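Working notes for the structure below.
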Amino acid sequence: MKLTTARLLISAALMRVAFFFYGVYQDEHAEIRFTDIDYFVFTDASKFTAQGGTPYDRATYRYTPILAWLLLPTTQYFWFGKLLFALGDIVAGWLMLRIFQLRGLSNDRALKFASVWLLNPMVATISTRGSSEGLLGAMVIALLWAVYEKQIVLSGALTGYAVHFKIYPIIYVPSILWALDSSPSILGNGILRWVNKDRVKFALSSFMTFTTLTGAMYYIYGHPFLLHTYLHHLSRSDHRHNFSPYNILLYISASPSVDESPYPSLAFVPQLFISGIFLPLMLAKKDLAKTMFVQTFAFVTFNKVCTSQYFMWYIVLLPFYLPSSAMLKNKWLGIWGLILWTLAQALWLQQGFELEYLGNSTFFPGIFAATLIFFSVNIWILGVAIEDI
Amino acid sequence: MASIRQRHTFIVHSQFRDTADTLNLSKDKLTLNDVPGTRQDRLIVTTDHLKERDILQAVDNIRIEIVSRENFAHIAPFNRQLAWGTHINVVPTEIFNWNGFCKWIQSSVNSEIACIGQQSFIEVPYGYYLHSPYTDSSQLLSYIENNYSDAKPDIVSEVEEASTANYISLSLNKNSTDNKTAGRLIAEAYWYYGRWTKTVKAGGPDHRVEVGLLGKIADDPQGELTYGGILAVIGENEQFVPTLFDFSPRHRSVYQPAVYYPDFRQPYGLHPKHLTTVLGDISPPRKKITAIDVGGEDGEIDVSEATTSCGLYGYYVLPNFIFVDKYQVSDLADAQAGGIKRVVGIWGETDLEIPVWMVEKWGSTMLLELIPPEQPLLAGGMPHLDIEIPMHSRYEVPRWNTTRVKHDVPWPTLFWACNGSAEPDMATSPFDSNGLGHEYLFDPGTMFYYLHPNQTISNPVNKTYLVTNLNIPVVPLEAYKYVQPWTVIVILLGCMWIFYKAFLGFRRDGGIRKASGVKPDKDKLEKKGPKTE
């Protein structure tokens, strides 16, 4: 059976429908719930908002109120949010195919690479469990698509919206600005030639969208909005164990047993420099989509906190990197890459299980070593990808 | 009314015989010689005896209780159960100096109690509450000694004896409806058993000293208790006065054999499941009762049906290294799972994410209404109730030389709470214990029937405690000397690798300038359109 766009999209949709119903079954009958705890946080926040309160009435709601608004139908139809997120996946996939077309990739190859996202069970699981990453993926692909379609103002607006939603898409701003080479300058010659029509349009539209949305939310919800949606993420010292290489250092350093280490607060430096300045400057003019992929990968790898949902942020851009990737040309490179990436996670998960469910203190060396190994595997893969572009 | 009232109550066995050897009452003193029994001492004074007037004048209601760690028996009528440790319950007045209050607690109750200000207390429906695991009563007893010594010179020997008590409390309630105690400071001590040899001297004109030796005469599980024995007011009575009286107790132990035992499901990690198994006759202690009222205006007999309803409750005291997720517990209650019928309340520190060193409050408390099991119709069946509460431990402070922090979690208190339209006035009981504490989480007039903790009474040879052990895994501080440098080294090496690889790609493509020119895209067969591809 030949893979066509329609068939791919329908298969992706059916897959998500199947996962959704499986999830309903597991929620009812098994001890461990299928639905993610985050989904209950979102739906509770929507419920409180519908009752005239604020989404921040729900403890651990750390997102923009717009998400709670989008999920207001969940007060009547609990599954609505999952539908929205799964739809986000499909829209991301469809826009991905449009981008491939604009980049001139043959339809067959485009469908193949888009399936890495659309038919990926990990991606389908995350959306049907109720994590909002699918929605975010749709936003990122949409803003990239708008750039390729030369809809600069739309792209800026979508970027502003994405940054309001999740902050990290701000790393795409330098890449897009750097890559928008082709329109006439508006400020004459010399250095100022860099300031061209497209760049100005993009900068203004993203800035205005972001400030309007953020300003509106602040006006409605005040300080709790700033605190939970933004400040929490910036000052976050989440020492609960996760994949990040800074994890154990943060745990010990944040405790009263030692003087606070200066290093965690410097963690932003390599992360933002590499993902926000270095990679865009080096690579954005060569290939914007691939640059965005490695930027995101670098951002997640160097982040102070890393959970498996964060992988979605770069997996949505992976299909753009793959077509001419060294990891596909050299099969063994690709296979080893995938195996090591998976094994490193499995190692961490095993140590994490010992801690969480058996009570063994695997913090050191177990989890510590596993996070450094995972970091190293990611750096290796990232290095291959960067050299490739 | 005398400004000092001192009462010693001994609950003695029905075989006890008052002989000249064991008891000797004279005009100005009573001597007891090796009298075996349960003892409760009570001292009620007006507040003008207090040296330090400020703190206790600034509260509307306060109750400080110290319950000994070793498991002791609660002999009737002193059946009220409470977790071990120090409990401080307070209803402050409008303008209250919390800082000063904490300083007072540390100087007058126990200097080890962690108290900074209002943030150390948890807000409960009736006021504020602080629980501490420390059980040393010597400071509190010194405080009582220092403040009462000019009023009652032989307080010193009383205080010495009280250091062996199983339970000590100090309370003051300005708004009490009992005018014998309203606005007065009440000190109480309880020993579940002793062989008492002591001399009780007469007081003075303003100081009434009363001694009673009592035994239970009758016990109606659905109604009143009857106690009888001998009383004497030292200095007034030269002979013992026989006494017999009925009263309705607020607190009782369940009459049926119903026991419970809590533990954590093994193995557990960071999310221990607290399981309390209740065995025995778990049926409500009070049935529906009918009240007959004779003599309306025309002498008619008015039969009204009174109803009493009873609920089974579990009251949990959780220090801050362990907590419950209120959303999770509410979900269980919605599904009537885990033995939980409804969540009456969860008070205190319930943050789901912060580590233990960032918690300001001492912990949290939780009151749950439980689902009593259906009683089996056939004898020989053993009903039991499993109460399973998912809990979570907080990240602990890393320390030297250990990967595990050992903690003690108090046993929950399980009881039936019964009330209804025809409840008698329990305040007339001379043994009523109604102050700040779990009683105030219920309607006034509620009667409590405590289930029996399944643990032997502690004795010097075999000490037992109502604690459940909890181990929290922690990172050992020795790891820090590796973690800090190695994290930095690996991150730096990672950065360098990235720069190196980018440089390789850069060099291969001949630099940025070349890259921005029109060149064939590596992934497509023919170029097309804008440069951003």
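Residues to consider are A:Leu118, A:Leu143; find the one that is surrounded by 24 or more Cβ atoms within 10 Å (Cβ to Cβ) and without any contact (Cβ under 8 Å) to a residue 40 or more places away in the chain.
A:Leu143
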>> Residues that are surrounded by fewer than 16 Cβ atoms within 10 Å (Cβ to Cβ), at least 1 per element: which strands (runs of 3 or more DSSP E) completely within the range B:385-497 meet that?
In response: B:404-410, B:467-473
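What residue, of B:Thr181, B:Thr197, B:Thr226, is farther than 14 Å from B:Thr9 by Cβ, of a type in the set (Ser, Thr, Tyr) and either in a loop (DSSP other than H, G, I, E, B) or in contact with a His (Cβ under 8 Å, 6 or more places away or on another chain) (or both)?
B:Thr181
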> Can you tell me how many residues in the range B:92-102 are buried (at least 19 other Cβ atoms within 10 Å of the Cβ) and either in contact with a Gly (Cβ under 7 Å, 6 or more places away or on another chain) or acidic (Asp, Glu) (or both)?
Replying inline: 1
>> When the residues of the range A:102-137 are narrowed to those that are of a type in the set (Ser, Thr, Tyr) and not in a loop (DSSP other than H, G, I, E, B), which ends up farthest from A:Gln309 (Cα to Cα)?
In response: A:Ser115
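Please tell me if A:Asp38 is within 14 Å of chain B (Cβ to nearest Cβ) and buried (at least 17 other Cβ atoms within 10 Å of the Cβ).
Numbers: within 14 Å of chain B (Cβ to nearest Cβ): yes; buried (at least 17 other Cβ atoms within 10 Å of the Cβ): yes.
Here the answer is yes, as A:Asp38 does meet what is asked.
Which residues, taken from the range A:293-315, are more than 30 Å from A:Glu149 (Cβ to Cβ) and facing chain B (nearest Cβ under 9 Å)? Give the derivation first.
Initial filter on the range A:293-315 (more than 30 Å from A:Glu149 (Cβ to Cβ)): A:301-308.
Result: A:Thr301, A:Phe302.
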> Somewhere in the range A:116-126, is a residue of a type in the set (Ser, Thr, Tyr) and farther than 18 Å from A:Ile66 by Cα?
Replying inline: yes
> In this structure, is B:Met496 more than 10 Å from chain A (Cβ to nearest Cβ) and either under 30 Å from B:Asn179 (Cβ atoms) or over 38 Å from the mean Cα position of the chain (by Cα) (or both)?
Replying inline: no
> Does B:Lys152 satisfy the condition of being basic (Lys, Arg), closer than 30 Å to B:Val344 by Cα and either surrounded by 16 or more Cβ atoms within 10 Å (Cβ to Cβ) or free of Cβ contacts under 8 Å to residues at least 24 places away in the same chain (or both)?
Replying inline: no
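Name the residue that is nearest to B:Leu140 (Cα to Cα), counting only residues in the range B:89-111 that are part of a loop (DSSP other than H, G, I, E, B) and not β-branched (Val, Ile, Thr). If you could, list the steps in order and put the result at the bottom.
Going through the range B:89-111, the residues part of a loop (DSSP other than H, G, I, E, B) turn out to be B:93-97, B:109-111.
Restricting the remaining residues to those that are not β-branched (Val, Ile, Thr) gives B:94, B:96-97, B:110-111.
On the way: B:Glu94: 26, B:Phe96: 21, B:Asn97: 20, B:Asn110: 7, B:Ser111: 10 Å.
Ranking the qualifying residues of the range B:89-111, first place goes to B:Asn110.
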> Could you say which residue among B:Glu388, B:Glu396, B:Glu478, B:Glu374 is away from chain A (no Cβ under 14 Å) and of a type outside the set (A, V, I, L, M, F, W, C)?
Replying inline: B:Glu374
>> Show me the helices (runs of 4 or more DSSP H) found entirely inside the range A:300-360 where at least 1 residues are more than 27 Å from A:Pro270 (Cα to Cα).
In response: A:326-329, A:331-358
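Could you pull out the residue among A:Leu347, A:Leu328, A:Leu372, A:Leu355 that is more than 13 Å from chain B (Cβ to nearest Cβ) and on the phi < 0 side of the Ramachandran plot? Explain how you work it out, then say what you get.
Working: A:Leu328 fails: more than 13 Å from chain B (Cβ to nearest Cβ); A:Leu372 fails: more than 13 Å from chain B (Cβ to nearest Cβ); A:Leu355 fails: more than 13 Å from chain B (Cβ to nearest Cβ).
Step by step, each of A:Leu347, A:Leu328, A:Leu372, A:Leu355 is checked, and only A:Leu347 is more than 13 Å from chain B (Cβ to nearest Cβ) and on the phi < 0 side of the Ramachandran plot.
Conditions (1) modelled with pLDDT of 90 or more; (2) closer than 20 Å to B:Trp486 by Cβ; (3) at the interface with chain B (Cβ under 8 Å from one of its Cβ atoms); (4) part of a helix (DSSP H, G or I), marked per residue:
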| position | (1), (2), (3), (4) |
| --- | --- |
| A:Ser237 | no, yes, no, no |
| A:His241 | yes, yes, no, no |
| A:Ser261 | no, yes, yes, no |
| A:Ser265 | no, yes, no, yes |
| A:Leu272 | yes, no, no, yes |
| A:Gly276 | yes, no, no, yes |
| A:Thr291 | yes, no, no, yes |
> Which one is farthest from A:Leu227 (Cα to Cα), of the residues in the range A:12-66 that are touching a residue at least 12 places away in the same chain (Cβ under 8 Å) and acidic (Asp, Glu)?
Replying inline: A:Asp36
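The values are calculated or read from the model by the stated rules, or taken from the named source; none is laboratory data. Note that the structure is a prediction, hence the values are computed from the model and not measured. Glycine gets a Cβ as well: all are built from the backbone with ideal geometry, and neighbour counts include every protein chain shown.
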